[in-house]
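Notes for the one structure printed next.
Bear in mind that the values in this text are calculations on the coordinates, not laboratory data. All of these numbers come straight from a predicted model, not from anything done at the bench. FYI the Cβ positions are ideal-geometry reconstructions off the backbone, even for glycines, and counts take in every protein chain you see.
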Amino acid sequence: MRYNIRLFSIFCLLIVLAACQTNPDKPQENNETGANLPSTDLDWVSLQASVEEQLQAREFGLAQITIERMVEAAGDVLGRWDYLRSALISLPYDISKPTVERISSLPVLRNNADQAYGMSKVFMHYKMYDEAIEWSSRAIDLEDRAKFYFWRARIYAINDNNDASESDFKKLIAREPDNLEYQVQYASLLQQKGDYAAAQQLLSEQEPSFWNGYKRIIFALQAEDMPLAESLYQELRNGSYDAAEADEYFQLGEVAYWLDKTEESIALLEQVGSGNNFFEARLLLARVLVQSQQPERALVILRQIQSASAEYAINAYLIESSIHQNEAQYDRASTVLNQALQLFKDDQQLLYARAMLAESQDDLASMEKDLMHILKLSPDNANAMNALGYSWANRSLRLQEAKQYIEKAYELDPKNAPIIDSMGWVYYRLGDLDKAEKYLRMAIELGPADAEIYLHIIEVLDVKGETGKAQEFRQKARELFPDRDF
């Protein structure tokens, strides 16, 4: 089925929301209404409380109106603008857009380097990369600071502008040749560009450390250099380390899992009794136990984690549900997700999982209800759009509507192989075989390890009467997926 949750890139960006600082300023007057605007610290705090209540209640329209009042009251108090940006990115962009566009012309933001940097983060939050780069460049023009270059280099990398990103990283490293964070991020960029040897060389020149070796293993795995990954793992495994301080048992257990060393992974992860990665280690241990055919042990761990904070509990519920699904215990799987949603109402991961469970049981009404609810909560959720459109297309239902959902998902995430596959499949259902083949070939280029894409393109080519081409894909699929029937 064409459903996926996209992995975060190695260049994950953290949007740091600054706390509001308030200073007394002079009362202002709204020239349009003639009304006195809030200006004192007490008035500002009152507006903050209002907007936070509205955001919590998801009353985005009211929140936008309150934010507009705060924009008028903010004046030149920079701390207030820091708060306003954090509030704005809590709104969907279609609601915040007029305010974002209006404040983008204000001198208080355009002529201050830190404020321009903050505006770059706003646009980055909305995945508006060109605007984010423009504002980060403005910050650099105002003040030539390393953190601005570092931020822009990462935006360039996410936007696949590798040459510009490399230029910024080289400037940073020339300034601070011993800065490990710059070196590691630059190595990540080289890895992204496919220059695996250069990335490894750069890291190998750094002072030996557990983290450096761990990063090199990740790079080796990404480059599918299993001998190097194995060698580096053994070096870390045989070295001295302090798991209590660095959570290195967790990271070693994680690497062992990636290298299919199941028993070693279990033994290492069981050593993680505390630390920053305790819950991540327990979740991974549960997954490894499931993989090693020990679901009952996994369930004990998962039910313990379900009493932790939402960040971990939700994943524990999702894994437990998948265990029951794998054992064809669909009612139990559904019960687990329902229980989780009682605790974490409106969590989109849980809603999506329940929708996919319903879809697998041909309960399209329940599936549609959950996916539509996700889209109400998050109108730009490409995965929900794709799942809805594909489910209809796969059953030859509501094909024009399915096409519209899939096209919107593709517009939002044009490099997502499962979504592109859905584009091909809906065109196939609509009878446009040429467009179906076009998109399915694109999907295979981006997702060559996805068996279902091969099934789709083989079927399309067979229907087109191009049996020779179909046979080529069939043979390739049999090599890649020997356990599947093609």
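Tell me the net charge near GLU166. Cut-off is 14 Å between Cβ atoms, GLU166 excluded, with +1 for each Lys or Arg and -1 for each Asp or Glu. Don't jump to the answer; show the numbers that get you there.
Details: positive: ARG152, ARG154, LYS170, LYS171, LYS193; negative: ASP160, ASP163, ASP168, ASP195.
Counting the neighbours of GLU166, the net charge comes to +1.
Phi angles of segment 102-114 translate, via the Karplus equation with coefficients 6.51, -1.76, 1.60 and θ = phi - 60°, into HN-Hα couplings of 5, 6, 5, 9, 6, x, 4, 9, 6, 9, 10, 4, 5 Hz per residue; Gly and Pro are given as x. Per residue, the average separation of C-alpha pairs within less than 8 Å and at least 6 apart gives the chain a relative contact order of 7 percent. Relative to the longest principal axis of the Cα atoms of the chain, helix 310-326 runs at roughly 20 degrees.
Residue pairs exceeding 18 angstrom between C-alpha atoms, taken from LYS415/LYS438; LYS435/LYS464; LYS415/LYS464; LYS438/LYS464; LYS193/LYS415: LYS415/LYS464. Find how many whole Å separate the alpha carbon centroid of segment 77-120 from the alpha carbon centroid of segment 150-193. The two parts, judged by their Cα centres, are 26 Å apart.
Rounded if a/c is under 1.5, else prolate if a/b beats b/c, else oblate: with a ≥ b ≥ c from the C-alpha gyration tensor eigenvalues square-rooted, which is segment 306-379?
It is oblate, given that a/c is not under 1.5 and a/b is not larger than b/c.
Calculate how steeply helix 129-142 sits against the longest principal axis of the alpha-carbon atoms of the chain, using the helix alpha-carbon long axis, and give the answer as 0 to 90 degrees to the nearest 10. Approximately 40 degrees, to the nearest 10.
What angle do you read, to the nearest 10 degrees and between 0 and 90, between the alpha-carbon axis of helix 162-175 and the longest principal axis of the chain? Tilt of helix 162-175: around 60 degrees. For the chain, the mean residue ellipticity at 222 nm estimated from helices alone is -22500 deg cm²/dmol, where every DSSP H run of n ≥ 4 contributes -39500 (n - 2.57) and the total is divided by all residues, rounded to the nearest 500.
Shown in residue order for segment 193-201 are the 3J(HN,Hα) couplings computed by the Karplus curve 6.51 cos²θ - 1.76 cosθ + 1.60 at θ = phi - 60°: 6, x, 8, 5, 5, 5, 5, 5, 4 Hz (x for Gly and Pro). Ordered by the number of other Cβ atoms lying within 10 Å of each residue's own Cβ, fewest first, GLU311, GLU270 fall into the sequence GLU311, GLU270.
Residues GLU59, GLU479, ranked from the fewest to the most other C-beta atoms within 10 Å, line up as GLU479, GLU59.
Spatially close Lys pairs in segment 46-184, defined by Cα atoms under 23 Å apart and a spacing of eight or more places or different chains, total 8. Derived scalar couplings between HN and Hα for segment 345-354 equal 4, 6, 5, 6, 5, 5, 4, 5, 4, 5 Hz in order, rounded to whole Hz, by the Karplus curve 6.51 cos²θ - 1.76 cosθ + 1.60 (θ = phi - 60°), x for Gly and Pro. Quick check: net charge around ILE314, other residues with Cβ under 12 Å of its Cβ, Lys/Arg +1 and Asp/Glu -1? Local net charge: -3.
What is the sum of charges, Lys and Arg at +1 and Asp and Glu at -1, for the other residues whose Cβ falls under 11 Å from the Cβ of GLY273?
Summing Lys and Arg as +1 and Asp and Glu as -1 gives -1.
Towards the positive end of the charge dipole of the chain, with charges on Cβ (+1 Lys, Arg; -1 Asp, Glu), say which of ALA417, GLY447, TYR428 has the farthest Cα. So the residue furthest toward the plus end is TYR428. For segment 306-379, the relative contact order works out to 21 percent when only alpha carbon pairs closer than 8 Å and six or more residues apart are counted.
Return the equivalent ellipsoid semi-axes of the chain as a descending list in whole Å, where each equals the square root of 5 times an eigenvalue of the C-alpha gyration tensor.
Working: eigenvalues 321, 200, 137 Å².
They are 40, 32, 26 Å, listed largest first.
The calculated FRET efficiency for GLU176 paired with HIS373, based on their beta-carbon distance and R0 = 35 Å, is about 0.15. Distant-in-sequence amide contacts of ARG145, defined by a placed amide H-H separation under 5 Å and a gap of 5 or more residues or a different chain, comprise nothing. Can you give me the distance in nm between label points at SER104 and GLU407, each placed 7 Å from the Cα along the Cα-to-Cβ direction? Placing both labels 7 Å along Cα→Cβ, they lie 2.6 nm apart. Each label point was placed 7 Å from the Cα along the Cα-to-Cβ direction; for ASP331 and GLN471 their separation is 5.0 nm.
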